[in-house]
Each structure stands twice: as structure tokens, then as C-alpha cells.
Amino acid sequence: MAPEPAMVTRNRTAAEQGDPVAQFNLGNMYRLGYQVARDTDLAVTWLTMAARQGNADAVEALRRMAADGIKVHWDAEPEGTEIEAESDPLCAGEEPPIDPALLAAAAKAGDHAAQVALGNAYREGKGVALDLTEALRWYQLAAEAGDAAGQYALGTLYDLGLGVAQSNAEARAWYHKAAAQGDAAAQFNLGNMILLGRGGTPNPGVAAKWFRLAAEQGDAAAQFTLATLLESGKGVERDEAKAEELYRRAAAQGTAEAQFNLANMLRLGIGGEADPTEAAGFYRRAAEQGLVEAELNFALMLAGGIGIGQDETAAAHWFRRAADKGDVRAQVNLGHVYEQGLGVEPDIAAAAEWYRRAAVSGSAEACFNLGILAATGTGLAADDVEAWVWLSLAAEAAPPKLADSARSGSATLAARLSPEQMAEARSRLEKRRRVAP
Amino acid sequence: MSGKSTSFEVQVLKDKNWVVETISTDESQAKEFADNLLQTTNHTAVRVVRDFQRIDGLHTETVVHEKTATEKNEKDLSLAAISEAPTCVGIDEFYALNARLTIGRLLRKYLDDIVITQTELLHNASELKRLGDKDRLLFSAVDKVSALQARATGEDGKVRRDFLQKSWEAVLARARQAVPKKAPGKLTLAGLMALAPGEGDEKRFQCLVLISLRLLETRSWFGKLEILLAWAAEEASTAADAPLPAMPIIDGIVSDIVVSAQVIQDLLGFQPNLGAALSHICDLAAGQAEAAKFAPPWFADFNKLFAAGHLPDSQEVLLSRVCRETKSTNPLSRNEPAKEFEEFNALLVRVVSRDSLVGGPAMADALFQRYVRFFNGGGTPGQAIEAILATLGDVCRKVQYLLEFAASPAGVALGKKPIDMLAALVRGARHIDVWVPVRGVLPRDRMAALASANRVLLSARVLTPELRTELGDIADAVMARYLEDEGVIEKIDKPEDPLALRAIRLVKFCGSGVLIEGKSLSMARSRVIGHLKQAQFEEKFLASVADPVQGEKHLREFHRLLVESGFR
């Protein structure tokens, strides 16, 4: 029997550990018969698990299967209730179809809005074949006629080097023209270029002025960026109250970074009294949008019962989401969760694996924990050489107290190692140091 | 040219059989006639057959022309899937909101196709007959509704079907009797109402017959709404003592129109996703909406009618739409799946305020169903409620949610659990900081929110009297603690301020409604009484104001406020 492809194994392992994306991937493979034999029952099983975790792709795939006549019951319906399908649903958010011929006619007749819309169509390949040169041409016509939207759009092409050679000077010039006419997106982009010194000298003060203009028009990105300047006092007078207000406005528009920064202010009591309950709410909202720092902080609040009821299972879920994205602190915490069985079944092997991933990324705490596990043969084969290497790395980078423990441990191990083993250990340590981030 | 022995039959396809429609001696005329038939009628195919009579008397038939209406899509006017139909017992109930809402949803495609409201249908004999003649649509509708009603009541399905059929005939007969002798023309609303004969309910019915005739002349939803808005403006400018108030009639027809998803979408204008659209509908139903891009120019006038409370039925229809959409599996953020929770959070915060829950138990239930389906990850209902509560954040909102949820179908199905959760929540909330956020809310609003939570707890029917008192007392104790910890009364009653100012501020505070009838109000009142009891209070009060005339005025104001605030 042929071995299972690595892609399937990888998704299966993660899916079995509860990862909704992996569950969807695996379910979809069974649905399509891709890399595995087609199996609708298994497809429904995995897709259902993903759907129950809110994976929208899985919901869509199940809906398609149901439309094909496959029996699908993924929604966990509480007893005593019946869900009535809306037979005449609202279809908000659907973009009206583009009629390129109509747009082209209006654009040729000199309608600037149509010129920009046609440029957008060419830029995104919607209704017409993607053609950046054509996009540039139409934007240019509108921009040169003084249309702010056209000037902004042309600025983005120069800014990103799309259909034209990248030019900070050109981008700034066009953004400036549009910004002067009150275009919020242009004001934000211009502010960003000035802040970063692209096409000129960095000047946070001038950047803040443009951000303020865009923020007043409700531009969430500008509200967020201006808030960061006000919070840090960079280029403007430090004003935490104003920063909080702007973060709140951007957060209300769904900006995950603003929600995260606001949560930090609320948790730490910056600019006012601390409110861990509200902080946890904002961490959750940012985490749900996939902001890894928020996932970690929300997990930590859940684990400690800070601002929210203690929930180790949920904490483990959020540690995993952040760990999967490579967050070292989350990986260490997840290792701890598995080691102690906090909200999950204790799994020393999984703990060792997460410590290893974090240790490779340079976490001194993970190096120490992994060293101890390797020394005692817990969760992985006992290996004094490997244990010495990890403890030595921990001794070099950990905080003083932990470093002392690591040194003590590595000294004990060193006494147990033969000269050959010691040489091998030193060689591995060197290699580790070289690859360490 | 053809001879006498040749003729051309124009045939149309009816129920899988070719039927001769006409016979012509001219081939091109026959073909033209066939093409015309195909375009102007509902026939799916036409053909022309040449019939040639041979010398031996036998006939030879040849198809010389055949066309199928492939491009013509027969409109699907089938019934919509509904899973409940409120039971009706008398003919009057056929005209009521619930029945019209059910008809509006069940016959959506049909009504959208001919653009008539349920009211127009029920008050116009021709339209009723047209529906009756529409294939098996009426029969299927009666069948469907009777089955749903029989299932809900346990009544025999056939009995229910017979009742509905007879009621239908009665509705039709009533409409036939009411057909006016001549069309009313484009009269004003007052003109139409003056034309209607009869008194009381009969006059109302006759009015609706005339109004329906007028509206039937306009076959566009917005056209009808514009007429209704003009009538509403006319009504607002006429005397309030009209024999028949017109606003409920206008509300009834508007409520028919806003059943349609397409109408709502066109009304709302551009909405980035379903979540935003639902929040916007809540805003409109509350009369707090602002016109979005592409909204009709009269949106603000429409919104004002909701704000003035003139459209309660329409509000109910809109909110029932929000409930059903919330309950459905349609994503709130279809274009950006990562924002699904964000949109849910926005909707949750929009409908669950610190004062009330828009849509009541049905909405609480809908939010729960959505959470379970999208975010619960296979957890238990209890975990889902916990998670919704965590999303709501502060205890004031949580109390509003749990009280409504406890009365919802899902809450009832969970037995005592929602109430137990509520009791545990309130018993554990001993500081105002967990009831209302610490920042971003003014102190006065924090106290008002806590007082509102106390009121809702004390009036909650889902709680036993003992529990109401216990939980209400906790909110009161939290308020009293807040007053003490923050020195709120001391801040209002500053010793360095003139006595008149202190006394008036204090008594205003007592009557502001932000305090709870109990410990907290007693604390503030006792401070007022302390002032009143001091020797020569009135003299000191007057002496604290520089201008004696102003002093007298303030004293009178103080006494008036005292009475208003419940001091005797």
C-alpha cells in the first residue's frame, strides 16, 4: 500500500488536534478525491468538524454537498428549536456586475468617475482582461483632469509600481494633489509616505496632520495610525485620551490592530483606570480576526481568568491558533498546556514538540523545558547530549534565575557525559548557536 | 405562392401536444403569425406545418417552420418555504398583520412578479380571482398553510384545509361585494376616505378597497411607497380628530411592502455586508437611520415615520426579518470571512443595549442560534451562552440578554439554566466596574445603566418574586457602594458651594432616575432631608443667593423639584 502523501498526513495530524483549517483541507480532499480516495462520508465528517468551529469555507463546501443531494447535518441545533430557512434572503454586499462597454462609453465621453471605474476594472481584471497599462491610461486621464479619485488611483500605481516604474516622488505628488482635494485614502497614504520618509525626509508631525484630516473623515487606518502617534508622542504631543478615542473609533470599524492596542491600554490602565473585562473583549475581537498578538493575549487572559471567566480549554485553543502561526510565546505556553494537561489531555510528546519549535526559534524558557524533558526522557527519548545543548542555550539567554537552574542542570549533565559525547554536544551547541535567530 | 391544395397550419405546443391555432393559405403569413404567437404568449414552441392534398386525395404534412422559446424563462412563481403559519380562526384575522406577513412570505415570488401588496390582493376581487386562476398556486398555498397550522394545533389537516378554503371564498365574496361602481381616480387620501361608505370596520374595509384600487395603478414598490409617504404627510397636516385614523392603514400597507427582501435592500442602499444591513434595518425600525449611498431620496422622510412611532407594524416586520436573517446560515461578512465574528459582535452590541434588547426573546434566540452555528465549535448550548455573555462584556448587557433569552424557545428548552446563569452572574457582580465599563461611559450614564438593570430585574416575569427582589437588591447595593466609594453625593453637595445650589443639585439628583429606589436613593434623600431639617433652612437658602428676587425664585423651584422627586 502506498504511503499517504505528506500533505494529507500533515493536515490529518492538525485536523485530529482540532485545527479547523486543517479539518477543512482534509474534508475537502475527501470531497474532491484529491491526494486521497474520494469519500463523501469522511468529507462530511471533517467538514462538519471544521464548520462547527465556524470555518466559512467548510460551511460553503457542506452547502454545496447538500445541494448535490448528499445528506449533511452539520449545524448543532439545540433541542426544542426549529430553524426556518429564509426563503427570500437579503443579499447585501454583492457588488453590482460591471458592464465594461457602458463604462467605456462613459469614460470616452469624458466622465471622470467612469474613467476611474474603468481603470479599476482593468487593474483588477473585473469584466475585462487585467491590463495595468490600460488602467494607468484611464487613471491618468481622470487625474490630469483634476479628479481626486483618479489622482489617488494613479498615485497607488506609482506607489506600488504597477503598470509603471515605481516612483516615490510621482506617488507623493499625485497623493498630494488628491489629498489637497480632501480624498481621505490619499491623505492617509501621503501621511504614511511622509511618516516613513518615502520620497523625502521622515516627518511624523507633518504626517500626523494628514492622518488627522483623513481620520476626521472616518478613515479607520488613519485613525489607528494617528492614535499610535498620539499614544507614543511621536511627532505630536502625547495624548493618551485622544489616542484611546481614536483607537475606539477605528476598533468600531473592525480594525484588529486598533482593537489590540486599545485592549492593551485598557488592560494596563494606560490613559485611565484599567478595565480587564473590556480589554478581554477587544482582544477577543482582534483574535477572531487572526491577529496573532491578540490571540496570545486573549489566551493568557482566559488561562488566568483575567477580565473573563477562566477557561483552560478555550485558552488552549487560542494558544494553538497563535502557536500555529509561529508565535514563540504561544508555542511555549502551548507546550506547558500539553505538559500539564490544562484544558487538554496531557500529552508530553506534544509538549516536547511545541517546546522544540519554540526553542529552535530562540525561546530560552523553551530551551530549558526541552532540556529537562530530554534529560529525563519525558515525552522524547532520553538524550543527555541533546539535553546539555538545550540547557546550555537556556543558560546563555534565560533570565538570571532560570539561567542559574539551566547552568546547574547542564553542569550535572556534563559530569555524566563522556569526552566524546561532550565533544559532540559542543559541536551541536555551536550549530544551534549559528542557526539561532 | 401555394395553390388551393396547400394550406399552412400554425400549431402551438400545449401539454406536450401540438394544437392547431389557425390555418392560413399563405406560408409567410403563417410563419409571421407563429413568430408573433411565440413572442406574445406563454407558449413554449410554435410550428408551421404545410398540408398538401395530393391528387389521390391523401394529405402530406411537412413541418416548414418551428421555433422554441428557449430564451424565455417561465417565471418560477412557486411557493416559498415557510415553517410556521400562525393560526387564524375568523375571517377578520385574514386581514391582520400575521396573516399578511405569512401571505407575503409564502407568495413572495407571485407578489413580486405582479407587484401588488397583500392588502391590495385581499381587497381586490380581480386580483383575488387572478390568484385563484394561477395554476395550482392557491391550492398549494392553502394546502401548505393548513398543514402547518394543523401541525401546530393538533387539528385535523382536512378540517383546517376546508376552513381555509371557505374563508378564502368569503374573502373573495366580500371583495366582490365591495367593488366600487366607478374607479376613484387619483384622489388624495382624505378624498379616498371620504368616498368610502359605511361606519367603523366596514368603512375601514371600504377605504382599503379604494386605496388598493389606487395603489394597483402603480406597479412598482417604490412608487407605492412614495404614494404612501405623500399620504402620511397629508395625514400629518390634517386634523387629528378624523373619523378614521389613516396612519395605521398606511402602516399596514408599508408593512406589506417591507416583507420583500428586494425592497429592503433597495431602501437601505449600499451595505457592505449582511451584518451591516441588519444593523441598519434595526436603525431604520427605531427611526435612527441615516441614508446610505444609493438609498432613495425620500429615505429620511421614511425614517422619520418610524421615529415618530407611526409604523409599529412595519417595525415588527423589519425586526422579524432581522431575526430570521440572524438565525439563518448566511454569513454576516460574506466578502471577508475573517470579519464574521466582528460583524456578529457589531450586531450583538447593536441589538443588546444596556436598556433593552431590540426584538425581544425572538432576537435573543436568533443570536444564540447564530452563535451556536458559526462559533461554538461543537460546544454545548451552555458554553455558547457563556461565550455570548463574554462577548457582551458588561453585566448590564448580559442581564438584558439573559432575561430575554430565558423567555425564548431555546431558553425555555434549556429549563432553569438561563435563570441560574443570571442569578450567578448578578450574585457575583458586586462592583459597578463589572456592570458598566470603567472607561468610555460617563458616570451619569453608568449609574443610569445600573438603574435600568435594576428596573428590568424587578419587572422580569421569568424570575420568581423572591429572585427579583434578591437580584434587584444586589444592583441597589452596588449603586450605594459606588456612591460611597466615589463620594458622588459629596461631589454634588460641596460645602463650599452656596446652599441654594447644593440643595437644588441634590434634589435634581434624587429625581434624575439614575438612582435606585432603595439604598442609593435613600442615601441621596437623607442628605436632602439633612439640609431641610437644619434650623432656619429657608432663611439660609435665601441668604446664600445674592439677589433676593432670584433667591425666592430658586426656593420656589426647589420646592417644585422636591414634590417632583417624591418628597412629601
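The values are calculated or read from the model by the stated rules, or taken from the named source; none is laboratory data. Note that the coordinates shown come from a computational prediction; the quantities given were computed from them, not determined experimentally. Because the Cβ atoms are built from the backbone with ideal geometry, glycine has one as well, and the counts that use them run over all protein chains shown.
Yes/no matrix, rows are residues, columns are (1) over 29 Å from the mean Cα position of the chain (by Cα); (2) within 26 Å of A:E237 (Cβ to Cβ); (3) modelled with pLDDT of 95 or more; (4) exposed (fewer than 15 other Cβ atoms within 10 Å of the Cβ):
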| site | (1), (2), (3), (4) |
| --- | --- |
| A:A169 | yes, no, yes, yes |
| A:A173 | yes, no, yes, no |
| A:H176 | yes, yes, yes, no |
| A:G182 | yes, yes, yes, yes |
| A:Q187 | no, yes, yes, no |
| A:L190 | no, yes, yes, no |
| A:M193 | no, yes, yes, no |
| A:A208 | no, yes, yes, no |
| A:A215 | no, yes, yes, no |
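Take the residues in the stretch A:232-244 that are in a helix (DSSP H, G or I) and in contact (Cβ under 8 Å) with a residue 12 or more places away in the chain; name whichever of them is nearest to A:P202 (Cα to Cα). It comes out as A:A243. How about the stretch A:21-52: which of its residues are at negative phi, outside any helix (DSSP H, G or I) and either touching a His at 6+ places or on another chain (Cβ under 9 Å) or free of Cβ contacts under 8 Å to residues at least 24 places away in the same chain (or both)? Passing the criteria: A:Y34, A:A37, A:R38, A:D39.
A:N55 - would you say it is buried (at least 18 other Cβ atoms within 10 Å of the Cβ) and at pLDDT 80 or above?
Values: buried (at least 18 other Cβ atoms within 10 Å of the Cβ): yes; at pLDDT 80 or above: no.
Considered against the rule, which asks whether it is buried (at least 18 other Cβ atoms within 10 Å of the Cβ) and at pLDDT 80 or above, A:N55 comes out as no.
Identify, please: which residue in the stretch B:340-383 is of a type in the set (K, R) and more than 7 Å from chain A (Cβ to nearest Cβ) and is, among those, farthest from A:A58 (Cα to Cα)? Among them, the one singled out is B:R354. Among the residues of the stretch B:359-400, those identified as at pLDDT below 90, farther than 15 Å from B:E340 by Cβ and not in a helix (DSSP H, G or I) are B:G378, B:G379, B:T380, B:G393. Checked against (1) within 54 Å of the chain's Cα centre (by Cα); (2) surrounded by 13 or more Cβ atoms within 10 Å (Cβ to Cβ); (3) in a strand (DSSP E or B), B:V20 meets all criteria but (2). Looking across A:A352, A:A398, A:A406, one residue alone is of a type in the set (G, A, S), farther than 20 Å from A:G304 by Cβ and not assigned by TED's automatic domain parsing to the domain that holds A:R434. It is A:A352. Within the stretch A:247-254, one or more residues are more than 12 Å from chain B (Cβ to nearest Cβ) and within 19 Å of the chain's Cα centre (by Cα).
Within the stretch B:489-496, can one find any residue that is under 28 Å from B:T469 (Cβ atoms), under 50 Å from the mean Cα position of the chain (by Cα) and touching a residue at least 12 places away in the same chain (Cβ under 8 Å)?
Checking the stretch B:489-496: at least one residue is under 28 Å from B:T469 (Cβ atoms), under 50 Å from the mean Cα position of the chain (by Cα) and touching a residue at least 12 places away in the same chain (Cβ under 8 Å).
Could you name every one of the helices (runs of 4 or more DSSP H) located completely within the stretch A:259-329 that has at least 3 residues being more than 11 Å from chain B (Cβ to nearest Cβ) and crowded, with 22+ Cβ neighbours inside 10 Å? In the stretch A:259-329, the matching helices (runs of 4 or more DSSP H) lie at A:292-304, A:312-324.
Can you tell which of B:P465, B:P418 is within 14 Å of chain A (Cβ to nearest Cβ) and modelled with pLDDT of 90 or more?
Details: B:P465 fails: within 14 Å of chain A (Cβ to nearest Cβ).
Answer to the selection: B:P418.
For B:L101, the conditions (1) closer than 30 Å to B:D256 by Cβ; (2) exposed (fewer than 11 other Cβ atoms within 10 Å of the Cβ) all hold with the exception of (2). Looking at this structure, is B:G411 at pLDDT below 95 and either within 30 Å of A:V21 (Cβ to Cβ) or facing chain A (nearest Cβ under 9 Å) (or both)? No: the conditions fail for B:G411. If the condition is being crowded, with 16+ Cβ neighbours inside 10 Å and either modelled with pLDDT under 90 or in contact with a Cys (Cβ under 6 Å, 6 or more places away or on another chain) (or both), then the stretch B:512-524 contributes only B:A524.
Of the helices (runs of 4 or more DSSP H) lying entirely inside the stretch B:179-239, those carrying at least 1 residues that are within 24 Å of the chain's Cα centre (by Cα) are B:200-216, B:221-237.
Just give me the residues in the stretch B:314-328 being in contact (Cβ under 8 Å) with a residue 60 or more places away in the chain and either within 11 Å of chain A (Cβ to nearest Cβ) or surrounded by 20 or more Cβ atoms within 10 Å (Cβ to Cβ) (or both), in sequence order.
Within the stretch B:314-328, B:S314, B:V317, B:L318, B:S320, B:R321 qualify.
Summed over the stretch A:182-237, the residues that are farther than 24 Å from A:M265 by Cβ and of a type in the set (D, E, K, R) give a count of 2. Looking at (1) more than 30 Å from B:F375 (Cβ to Cβ); (2) modelled with pLDDT under 95; (3) aliphatic (A, V, I, L, M), can you tell me which one A:A148 breaks? With (1) more than 30 Å from B:F375 (Cβ to Cβ); (2) modelled with pLDDT under 95; (3) aliphatic (A, V, I, L, M) applied to A:A148, the lone miss is (2).
Could you please let me know if A:L402 is assigned to a helix (DSSP H, G or I), closer than 14 Å to A:R432 by Cβ and over 26 Å from the mean Cα position of the chain (by Cα)? Can you show your working first?
Values: assigned to a helix (DSSP H, G or I): yes; closer than 14 Å to A:R432 by Cβ: no; over 26 Å from the mean Cα position of the chain (by Cα): yes.
It is false that A:L402 is assigned to a helix (DSSP H, G or I), closer than 14 Å to A:R432 by Cβ and over 26 Å from the mean Cα position of the chain (by Cα).
Here are A:Y355, A:Y338: which of them is assigned to a helix (DSSP H, G or I), over 26 Å from A:R434 (Cβ atoms) and not small (G, A, S)?
Working: A:Y355 fails: over 26 Å from A:R434 (Cβ atoms).
It is A:Y338.
Only one of the numbered conditions (1) in contact (Cβ under 8 Å) with a residue 12 or more places away in the chain; (2) within 7 Å of chain A (Cβ to nearest Cβ) is not met by B:P337, and that is (1).
Among the helices (runs of 4 or more DSSP H) confined to the stretch A:97-180, the ones with at least 1 residues that are over 20 Å from A:A207 (Cα atoms) are located at A:100-108, A:112-124, A:132-144, A:148-160. Residue-level analysis places B:F94 among those that are in contact with a Cys (Cβ under 7 Å, 6 or more places away or on another chain), of a type in the set (A, V, I, L, M, F, W, C) and surrounded by 14 or more Cβ atoms within 10 Å (Cβ to Cβ). Looking only at residues of the stretch A:13-70 that are under 26 Å from B:A384 (Cα atoms) and among the basic types (K, R), we find that the one that is farthest from the other protein chains (Cβ to nearest Cβ) is A:R63.
Here is a yes/no grid of residues against (1) more than 20 Å from the chain's Cα centre (by Cα); (2) under 25 Å from A:R284 (Cβ atoms):
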| residue | (1), (2) |
| --- | --- |
| B:L318 | no, no |
| B:R334 | yes, yes |
| B:A346 | no, yes |
| B:R354 | yes, yes |
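Within the stretch B:270-289, restricting attention to residues that are assigned to a loop (DSSP other than H, G, I, E, B) and within 13 Å of chain A (Cβ to nearest Cβ), the residue that is surrounded by the most Cβ atoms within 10 Å (Cβ to Cβ) is B:Q271. Could we say that B:E404 is assigned to a helix (DSSP H, G or I), among the acidic types (D, E), more than 7 Å from chain A (Cβ to nearest Cβ) and over 16 Å from the mean Cα position of the chain (by Cα) here? Against the criterion (assigned to a helix (DSSP H, G or I), among the acidic types (D, E), more than 7 Å from chain A (Cβ to nearest Cβ) and over 16 Å from the mean Cα position of the chain (by Cα)), B:E404 qualifies.
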